[in-house]
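Notes follow the structure.
The values are calculated or read from the model by the stated rules, or taken from the named source; none is laboratory data. What you see is a predicted model, and the numbers here were worked out from it, not measured in a lab. With ideal geometry, Cβ positions are generated from the backbone for all residues, glycine too; neighbour counts draw on all protein chains shown. With ligands, DNA and RNA removed, areas are computed over all heavy atoms of the protein, side chains included. Shrake-Rupley method; radii C 1.70, N 1.55, O 1.52, S 1.80 Å.
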Amino acid sequence: LTHAPALSEQLSRRPGLLDGLIDRSAFNAPPNAAEIAKRLLEAAGAGGLDAVLERVRILIGERRFALGVQLIAGSRDPITIAEGYSDLAEGAIRALTQLTTRDFEQRHGRIAGGELIVLGLGRLGGGALTHASDLDLIYLFDAPEGAMSDGDKTLSATDYYNRLASRVSAALAMPTAAGPLYDVDTRLRPQGAQGMLAVSLDAFEQYQRREAWTWEHMALCRARPVHGSAEGQQRLAEAVRSILCLDRDPVRTRADAATMRDDMARHKPPS
């Protein structure tokens, strides 16, 4: 309680978190993201979306708490714990996106040949989170031009994936009995807070090539897809790589980077 105020606050809200530590598997090495997503989906069970999401969020909260205990107990390398936090977040994104999409399709149907792809940046993109890290995400979609959903309430691809992305963010950020699950930051998307929550993959690539600032390209240095089909993730990864490999003016790039570092030093001084 003394060493980790964040964990003690969670425990004060939900003492049952201690029960999860009785199982020795709580101190096992963290599984990878794919295995975590599989376990979460299996544990989700049936029922309404709210009940299903709550069961999954409880399991995620228990796993995060166990990782924090491993860290302060010194039972595992801190880098392994950081990677475990990242895998847990990625598994949560995959599972909660699938569950949310399944419910969304019941009302609005599907878009043939379309999909939602999620790009992780920052610590998530780098594969090493802390207990307090937020999730830097960009929502993208890939769909045929002019595509419409086939449900009772038809939506264009843009409306469809923007509404779906909003629901995914809500599923990740919804407060639980032990406090908020994750803080989701989507401000790195094209046009920032003024832009649409989800944009097409083509629009994302055009924006990055024609309008993005140097710091936006610097953020892509730690970007990686964390949800989507294998083909969709590969296409996005190739698009990011092509953007990072663009020809640049080295003098301007250094100047832009220095300006950004100065701004960070002013707005986020060391404590």
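Side notes on the structure shown:
- For segment 160-180, filtered to residues that are more than 18 Å from VAL118 (Cβ to Cβ) and not hydroxyl-bearing (Ser, Thr, Tyr), the residue that is modelled with the lowest pLDDT is ALA178.
- When the test is whether a residue is more than 19 Å from ILE138 (Cβ to Cβ) and touching a helix residue (DSSP H, G or I) at 6+ places or on another chain (Cβ under 9 Å), ARG266 does not pass it.
- Residues that are open to solvent by 60 Å² or more (accessible area, probe 1.4 Å), touching an Asp or Glu at 6+ places or on another chain (Cβ under 8 Å) and in a loop (DSSP other than H, G, I, E, B) within segment 211-249 comprise just one, TRP213.
- Count - residues of segment 115-132 that are hydrophobic (A, V, I, L, M, F, W, C), touching a Gly at 6+ places or on another chain (Cβ under 7 Å) and under 17 Å from LEU67 (Cβ atoms): 0
- Filtered residues of segment 93-110 (kept if over 14 Å from ALA170 (Cα atoms) and of a type in the set (S, T, N, Q)): GLN106
- Here ALA34, ALA95 are screened, and the one residue that is touching a Leu at 6+ places or on another chain (Cβ under 7 Å) and either under 20 Å from GLY228 (Cα atoms) or touching a residue at least 60 places away in the same chain (Cβ under 8 Å) (or both) is ALA95.
- Unmet requirement for ALA33, which otherwise passes all of (1) of a type outside the set (S, T, N, Q); (2) within 30 Å of THR101 (Cβ to Cβ); (3) loosely packed, with under 14 Cβ neighbours inside 10 Å: (3)
Table: residues versus (1) in contact with a helix residue (DSSP H, G or I) (Cβ under 7 Å, 6 or more places away or on another chain); (2) within 18 Å of LEU129 (Cβ to Cβ); (3) of a type in the set (S, T, N, Q).
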| site | (1), (2), (3) |
| --- | --- |
| ALA26 | yes, no, no |
| LEU40 | yes, yes, no |
| ALA51 | no, no, no |
| ARG55 | yes, no, no |
| PHE65 | yes, yes, no |
| GLY68 | yes, yes, no |
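- Close pairs (7 angstrom Cβ cut-off, 6 or more residues apart or separate chains): over 16 Å from ALA223 (Cβ atoms) in segment 179-198, hydroxyl-bearing (Ser, Thr, Tyr) and surrounded by fewer than 17 Cβ atoms within 10 Å (Cβ to Cβ) anywhere: LEU197/SER166
- Residue count for segment 90-105, restricted to those that are out of contact with any strand residue (DSSP E or B) (no Cβ under 6 Å at 6 or more places or on another chain) and within 15 Å of ARG39 (Cα to Cα): 6
- The set of residues from segment 132-159 being at pLDDT 95 or above, of a type in the set (Ser, Thr, Tyr), closer than 30 Å to SER86 by Cα and in contact with a helix residue (DSSP H, G or I) (Cβ under 9 Å, 6 or more places away or on another chain) comprises just one member, TYR139.
- The sole residue among GLU54, GLU42, GLU62, GLU9 that is in a helix (DSSP H, G or I), over 23 Å from ASP183 (Cα atoms) and open to solvent by 30 Å² or more (accessible area, probe 1.4 Å) is GLU42.
- Residue ID - modelled with the lowest pLDDT, chosen from residues in segment 211-269 that are more than 19 Å from the chain's Cα centre (by Cα) and basic (Lys, Arg): LYS268
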